[in-house]
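The values are calculated or read from the model by the stated rules, or taken from the named source; none is laboratory data. Since the structure is predicted, the reported quantities are computational estimates derived from the model, not experimental observations. Reconstructed Cβ throughout: ideal geometry from the backbone, glycine too, with neighbour counts over all protein chains shown.
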Amino acid sequence: MAVARPVDQLFTYEAPEELGDRIVPGAVVAVPFGRSTARGIVIGPSGPPPAGIAGKRIRSVLPEEPLLTEELLRLFAWVSRYYGCPLGEAIASSVPLGKSTGRPHVVAKPAVSIDVLRGQVEARGARAPAQARILAQLIGAAGGVSRAALLSTARARGGALSALVGAGLVILEAEEEPAPCRDPDEIERPQALLPAQAAAVAAICEAIDSRAFRPFLLFGVTGSGKTEVYLQAMAHAAAQGGQGLVLLPEIALTPQTYRRFQARFPGTVLVHSLLPDRERVRNLLLAKRGRAAVVIGARSAVFAPFANLRLIVVDEEHESSFKQENPPRCHARDVAVYRAREAGIPVVLGSATPSLESYHNAQQGRYRMLRLPSRATPRGTPAVRVVDVSRARSGASSVSGELADITANVLRTGRQAIYFLNRRGFAPVVKCVRCGYVFLCAQCSVGLTHHQRGELLLCHTCGTAVPRPAACPQCGAGLIKLLGAGTERIVDELRRRFPSARVGRLDRDIASSRESLLGALRDFAEGRTDIIVGTQMIAKGHDFPEVTLVGIICADSSLYMADFRAAERTFQLIHQVAGRAGRGEEPGTVVIQTFSPENKVIGLAVSGDYEHFAAQELALRAPLRYPPFGRLLRIVVQGAREDAVAAAAGACAAALEGAPCRVLGPAPCPIAKVRRRMRHHLVVKAQGPAEIQEALRRLKRVKCARGAAIAWDVDPIGFF
């Protein structure tokens, strides 16, 4: 039994006889745990407890159908081992355990003959017209009608139906929700393929037929038709009764991708965290029962259950959002590859800017490279202009004159524009002009960002919000200046410069709910927004045919961070957001504003020369043994007392002495305080997974002083 708690061991419980047939692997149960009741996940049978130890009994089995199959239990066992996370915690953080699907699908059926129904329609027509309408709908529907559809069509309330049930004329039965269906003439036809697309589809279909593990890297420029390759490969799997899984890096991408797959596969379902639990669980059960042809979702969908999974696709595989920040801190792309290996099926990793890990795997022959070198439409790649903003005067607009002029022309022609700035809020620095005091979060060692809504200063690390002060707390002066620009400031500048333009925004503040996210995307897709200003959410895979201009406000924003992946992320962001321009009939233009036009990374991103960039970056990493030439493990120690944190970090370093790895640190984290807890970290560099596992075994034996806690991250993406 794995308990849904951060406890790194399994437990044995006695199964009462009356529950025996329901205690199966994957079942969710309630068990006594200490002085409370905890959820447990049944892993399998065990032997009797040691002599003299009284075994505790399972209290109950949750009534919902288990979402965990034996295949998923094996997958979670690997996740637990590889990432060093307790099995129960890994499962509980990834699967909605014990959640209900809500009301069952209820079907109303006639309980009497058709002749009796006709007589009752006539008899009740005057005194109970709603009941008469219900009965009329059931004539000729011996197989039954959905309760919800029946009430809607008959324009009746539930009370009228209940009266007919009480009179013995109608019966209600709970049935499995029917699989979606559609007239074959309404299903979208496959598009004609370019030769490179056809070759990619053929390779993937051959792997599906061979029922063997085959990892592919689909390396295609933006707009090259990768989605059509996925669709046609998925159709090949579906024709054999198979199911498919499509993983996306951002929930913002799921509506667009869902529409495209739903047009070909009516049994397509969504799985992501913004869905209500009821809908999410229902969709997972449809996949488990084999009634969903395709599951589309964000990273947690990698743990969806399937009856016959035959193909996995990871779109935009390079995106860091596939890496989970909380336990089990797994990377959905890597879990997908492992799942495909264990299931003996192909997995396709798609990107215009592959992660250097995946690109290196393809170079070494571990993955097969499939190339899409040109756009699927004859329009070609957009024109790129670089604007040097390093000589702009202090306080000047964040939108250069050249970008503004091109925007004005785009608006005159009735087209749309995307402005990209990977920083939300209005101004990232709030500073006193007189004494230089910078407003910092009281709980974290980071500056506060000014947000227009409510005139608040927000901490983007812990969420603390304080009213914008009228005066400096240090010198009392009322000269508070807002420095720098976030998405809100760009929107404000654009509305002042183009008062007739409809300017929208897409960042985490806007996308805090499913409805607001979908609304922002729908308004832009349907032409109700002329310019949209967004963070990296707007850079990933969106297809807006009317966009002819992309403006990148500050291409250098991630270039000089203290992170060995800074250059890679900068190249990817510039290249990806530039690819949103010119995807329709009109040619596109990209304007890149930069303080470093001479920087090689900026130059390669402008030219779109990924392979030259990759060769340059891999040559820098190889001698330093950074991924993909080695493995990393990050250890973070945090607590309220600096001395306890430092002591625990030192204990971690001591535990790793003599291990087959190199230890960097300990040292304070770049963000040294979060939510009033001090933070130190170490980074372990190792040759491969075996050395990382040895380091984890040693770390699990470290005893922390009270007031400090140790956490680790295998294959870390962030280091702040």
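From THR377, THR381, grab the single residue that is in a loop (DSSP other than H, G, I, E, B) and within 16 Å of ASP609 (Cα to Cα).
Result: THR381 is the single residue among THR377, THR381 that is in a loop (DSSP other than H, G, I, E, B) and within 16 Å of ASP609 (Cα to Cα).
Tell me which residues, restricted to region 363-418, are at pLDDT 90 or above and among the basic types (Lys, Arg).
Listed by number, the residues that qualify are ARG366, ARG368, ARG371, ARG385, ARG412, ARG415.
Please tell me if ILE538 is touching a strand residue (DSSP E or B) at 6+ places or on another chain (Cβ under 9 Å), modelled with pLDDT under 85 and not hydroxyl-bearing (Ser, Thr, Tyr).
So ILE538 passes the test.
Any idea which residue in region 6-22 is farthest from the chain's Cα centre (by Cα), counting only those that are crowded, with 16+ Cβ neighbours inside 10 Å and modelled with pLDDT of 90 or more?
This residue is TYR13.
Scan region 568-598 for residues that are touching a Leu at 6+ places or on another chain (Cβ under 7 Å) and within 30 Å of LEU632 (Cα to Cα) and jot them down.
Residues satisfying the conditions are GLU568, THR570, PHE571.
Restricting to region 267-311, and then to whatever is assigned to a loop (DSSP other than H, G, I, E, B) and without any contact (Cβ under 8 Å) to a residue 40 or more places away in the chain, can you tell me which residue is nearest to THR227 (Cα to Cα)?
HIS272
For region 211-240, which positions are assigned to a loop (DSSP other than H, G, I, E, B) and over 27 Å from VAL577 (Cα atoms)?
ARG211, ALA212, PHE213, GLN240
LYS288 versus (1) touching a strand residue (DSSP E or B) at 6+ places or on another chain (Cβ under 9 Å); (2) at pLDDT 90 or above; (3) charged (D, E, K, R): which is the lone unmet condition?
Among (1) touching a strand residue (DSSP E or B) at 6+ places or on another chain (Cβ under 9 Å); (2) at pLDDT 90 or above; (3) charged (D, E, K, R), LYS288 violates only (1).
Scan region 508-534 residue by residue and report those that are surrounded by fewer than 21 Cβ atoms within 10 Å (Cβ to Cβ) and under 25 Å from SER224 (Cβ atoms).
ALA525
Condition check ((1) assigned to a helix (DSSP H, G or I); (2) closer than 29 Å to LYS685 by Cα) across all residues:
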{"site": "ILE532", "(1), (2)": "no, no"}
{"site": "LYS540", "(1), (2)": "no, no"}
{"site": "SER557", "(1), (2)": "no, yes"}
{"site": "ASP563", "(1), (2)": "no, yes"}
{"site": "GLY603", "(1), (2)": "yes, no"}
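Collect the residues in region 312-333 that are surrounded by 21 or more Cβ atoms within 10 Å (Cβ to Cβ), part of a strand (DSSP E or B) and of a type in the set (D, E, K, R), keeping them in residue-number order.
The answer is ASP315, and nothing else.
Determine which single condition GLY425 fails, assuming it passes every other condition in (1) at positive phi; (2) at pLDDT below 95.
Every listed condition holds for GLY425 apart from (2).
Of the residues VAL387, VAL410, which single one is in the same structural domain as ARG522 (by TED's automatic domain parsing), on the phi < 0 side of the Ramachandran plot and assigned to a helix (DSSP H, G or I)?
Unique residue meeting the criteria: VAL410.
Between a first residue in region 178-206 that is in a helix (DSSP H, G or I) and surrounded by 15 or more Cβ atoms within 10 Å (Cβ to Cβ) and a second residue that is modelled with pLDDT of 85 or more and of a type in the set (Gly, Ala, Ser), which pairs have beta carbons less than 7 Å apart while being 6 or more apart in sequence or on different chains?
GLN197/GLY225; VAL201/ALA233; ILE204/ALA233; CYS205/ALA233
For residues that are over 22 Å from ILE490 (Cα atoms) and at pLDDT below 85, scanning just region 541-561, find the one that is surrounded by the fewest Cβ atoms within 10 Å (Cβ to Cβ).
Among them, the one singled out is ASP543.
Please count how many residues of region 471-488 are of a type in the set (A, V, I, L, M) and under 15 Å from LEU448 (Cα atoms).
4
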